[in-house]
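What follows is one structure encoded as structure tokens, with my remarks underneath.
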Amino acid sequence: METVVLALAVAFLVVHGLWVTLSQRNLVKRERLARQALTDFVVGGDRSPAEAALRELPPRSQIRILVEIGRNLIGSDLVKVRALAGDLGVVEHARRQVRSRQWHTRLRGARLLTLLDSKPDALLSLLDDPNDAVRAQAIESAADHPRPEVIDRLIALLSDQANLCRFAVQDTLLRIGPPVIEPLAAHLGRSKSPEATIALRIALGMPDHRFVEAAVELANDPSAECRAAAAEVLGAVGGTAPLLVLESLLDDPAGSVRAAAAMGLGMLQHWPASERLAAMLGDRDFEVRRGAALGLQRLDAAGELVLRKALTASDPFAADMARLVLGIAASREVRHP
Amino acid sequence: MTPGDFIGQIIYWVEVVILSYFVLVNSWYAVLLVSATFAMRTHVLRIRGESRWRVLSSSVTPSISVLTPAYNEANTIVESLSALLGLHYPNLEVVAVNDGSTDGTLEVLRERFDLVPVQPVYRRVLSTRPVTAIYRSRLNPWLIVMDKENGGKADSLNAALNAASGELVCAIDADTLIEQDALQRMVRPFLIRADVVAVGGTIRIANGSRIQSGRVTDPRVPTRALGGFQVVEYLRAFLFGRLGWNSLGGNLIISGAFGLFRREEMRDAGGYQSDTVGEDLEIVVRLRRMSYDRRGPGRVEFIPDPVAWTEAPEALGPLGRQRDRWQRGLADVLWTHRRILFNPRYRALGLVIFPYFVFVELFAPLVEAIGLIGLAIGAVVGAIDLPFALLFFLLAYGYGLILSVLTLVLEEVTFLRYRRFTDRLLLLVWILFENFGYRQLTVLWRLRGMLNWVRRNKKWGAMERRGFAPTEPADPRS
């Protein structure tokens, strides 16, 4: 039995190895010609040599070359490659694939359509796919079709069970940009942590005054992570209401929230808070001390003055943090309490 | 019954026990291979046609700090750091730690990367030997160099962990060459599952391959026997050993040469332990143990497609010292965490994975040595006949041979890194011959390692590195 398995395995290795070597030798040359013809077509050459060269190849090679070149194109050049892929039957093949029962076939089809199909319907139907990889691929493709109903659907997917899909949604919403702000602000207004925390992180990537109302509300959320995220958004957006909320968050029981509020006040250059930030340099939580020091640093001259005063403070934590932020080398005695 | 018959009976039954051990171990290997095949199929289907462009250009991709300790690496450090700085990953920081080198490593770095002293604000969560200075490169601002007093590899990694700002940290050896897209591939499990704390990638042997600008541009199978045998060993260990464990309770080993971890979990666990030579195994065991104790995340995964290349020792002395060290490290870690063994509180870790490492990885050389010596004595005193001896060899070596060949089949139908047919044939040759001499030598080295562990020897042993100098282009006729 052992001998048979061994013999079969060795035979497979030899035969497969030989087959790969021989078939590759011929294919590599034809693929090189097709790649060249397609590149010529994209840069303004004739379409028929590219089409002919691609038709000579097996479907797998056609797809490989179309994807390889299409991935690097945008605008009218990509439109040309998409049209050629359509005529070669690649797009239709991919549309059939996304209707497959097998998740991996749907995934392959979705990946092809993301690049080569200009009509989003087949892909967007996969936003409800039971497989997370397929769903994430559909989410990724939605960035090219930012219609209001698609954005609403994407925002609803922020609470997707799968980590991969939540990552894909965050990325896609950030890529879409300004059209997302209004619906995201509305979503923030009616959501609580933990979904709200993810939404706040997206808001932080495109700070806008329309997020303020919801962020002020979420600054009272029971989750410290959510309050910290709200403080970051308020610090990035600015305005009178955010300043008041950020000042109140300096007394938050959670260190991460105090640190975020301190950094936010610094970002907004709110110098009247410098005394409170100076007091926070002695906080027992390292992140709060760091946030306060960096906040002070952002207050420019006023903040630097406070930091220099802290260098001689009786509290070694405050003095050390001030020294670190001012970039003054430590003596051996005061290195990192 | 004469005394001779009595001894013969004892030897016979010892051999039967050892034979049963080999049957059990090889059957478990077969289970691992089947598990690895299924895991590989799912993985390949998932990554086929994948565009990592999104990960590469996303602002929400987790940031990574690559931690690279260096002790007397003046010959290789510039090449390795240049390769690391050229990795294709969006939010990347490289933290190199000069661990009190005496060969001018820091001077080489200062000169090559135009380093300037900086004072980053970071928290020393983990205690280490004093850090004397921190520099940032003016040429590559995402390169940080820490200069510290000598404290060993674990101490250097802890110093780097303190200063690292990435959400994920990638611990690598200074002489490891990571493929350019490896981090994009390696980050996937962290995006897929929130409970992943560590991910390991594949290590391959670079000996004999063509290397240019810190990249393996033409992977070749070494023509020297020692290098070739190690290629086979690494393929077996990574492609079916570690991959197989993914769906059988998770991995216990992530190679110190190439692993990606969640920074916060590493810091919470207390970082690397300095008083063991198996610090890479120890941190993974601790992370997994901590996940059960604190009911937190603790999944450790291996994925086969991110690849790092390393230089394998090609002389018996350094290779023996390396294997001795690995065995000492294993014994040390398993002893430190002995409470996990058969402890139902740790579920698969305590009931399957840990016992496997104790009874197979740790004791296998001992059992194999007893088996071989018993076989020889048994044959001399006539207690063992020829069919029994043949059965022993078939189970001990023949089965292993099949597993090695099947691993090669797995490689052939998936990644096919060695593009030349002749290279793959050469691998078959090395698979065939590793059982004659090399395997027995590794048994001896591992036994020596266990003996040294009992004597509490915690030395690393000198390794001679030739460095990855750019190799001459291969002969086009080859």
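Observations on the structure shown:
- Debye log10 I(q)/I(0) at q = 0.10 Å⁻¹ for chain B, Cα point scatterers: -0.77
- Computed on segment A:87-181, with alpha-carbon pairs under 8 angstrom and 6+ residues apart, the relative contact order is 21 percent.
- Equivalent ellipsoid of segment A:1-142: semi-axes from √(5λ) of the C-alpha gyration tensor, largest first, are 31, 25, 10 Å.
- Take B:425-432, A:16-23 and order them by the average number of nearby Cβ atoms within 10 Å per residue, most first; the result is B:425-432, A:16-23.
- Across all Cα pairs in the protein assembly as shown, the calculated P(r) in 10 Å bins from zero up to the longest distance comes to 2, 11, 19, 23, 20, 14, 7, 3, 1, 0, 0 percent per bin.
- Taking the convex hull of the alpha carbon positions in chain A and averaging its projected area over all directions gives 27.3 nm².
- Which of B:TRP445, B:PHE415, B:LEU432, positive extreme of dipole for segment B:407-449 (C-beta unit charges): B:TRP445
- Going from the fewest other Cβ atoms within 10 Å to the most, the residues B:MET266, B:MET290 appear in the order B:MET290, B:MET266.
- Reach of B:LYS148 by Cα under 14 Å, taken over aspartates and glutamates that are not fewer than 8 positions away in the same chain: B:ASP99, B:GLU107
- Between amide H atoms placed 1.01 Å from N, distances below 5 Å from B:LEU67 occur with B:VAL95, B:CYS170, B:ALA171, B:ILE172, all of them 5 or more places distant or on a separate chain.
- Translational diffusion coefficient of segment A:100-162 (Stokes-Einstein, Kirkwood radius from Cα pairs, 20 °C, 1.002 mPa s): 184 µm²/s.
- Alpha carbon convex hull of segment A:157-251, volume per residue in cubic angstrom: 80 Å³
- Sequence-distant contacts, meaning Cα pairs under 8 Å at least 6 residues apart, place the relative contact order of chain B at 20 percent.
- Residue mean of other protein chain beta carbons inside 10 Å, B:48-60: 6
- Projected onto its three principal axes, the C-alpha set of segment B:200-327 covers 49, 30, 30 Å, listed from the longest axis down.
- Cβ charges +1 (Lys, Arg) and -1 (Asp, Glu), total dipole of the protein assembly as shown, debye: 960 debye
- Residues A:ALA11 and A:ASP128, FRET efficiency given R0 of 56 Å [Cβ-Cβ distance, rounded to 0.05]: 0.75
- A:LEU281, A:LEU294, B:LEU441 arranged by Cβ crowding within 10 Å, fewest neighbours leading: B:LEU441, A:LEU294, A:LEU281
- The fewest-to-most ranking of B:MET450, A:MET280 by surrounding Cβ atoms within 10 Å reads B:MET450, A:MET280.
- Shielding by partners for peptide A:7-16, expressed as the average number of C-beta atoms from other protein chains within 10 Å of each residue's C-beta, is 5.
Every number here is computed from the coordinates shown, using simple stated rules; none is lab data. Please read these numbers as outputs of a predicted model, since none were measured by experiment. Glycine also receives a Cβ, built like all others from the backbone with ideal geometry; neighbour counts cover every protein chain displayed.
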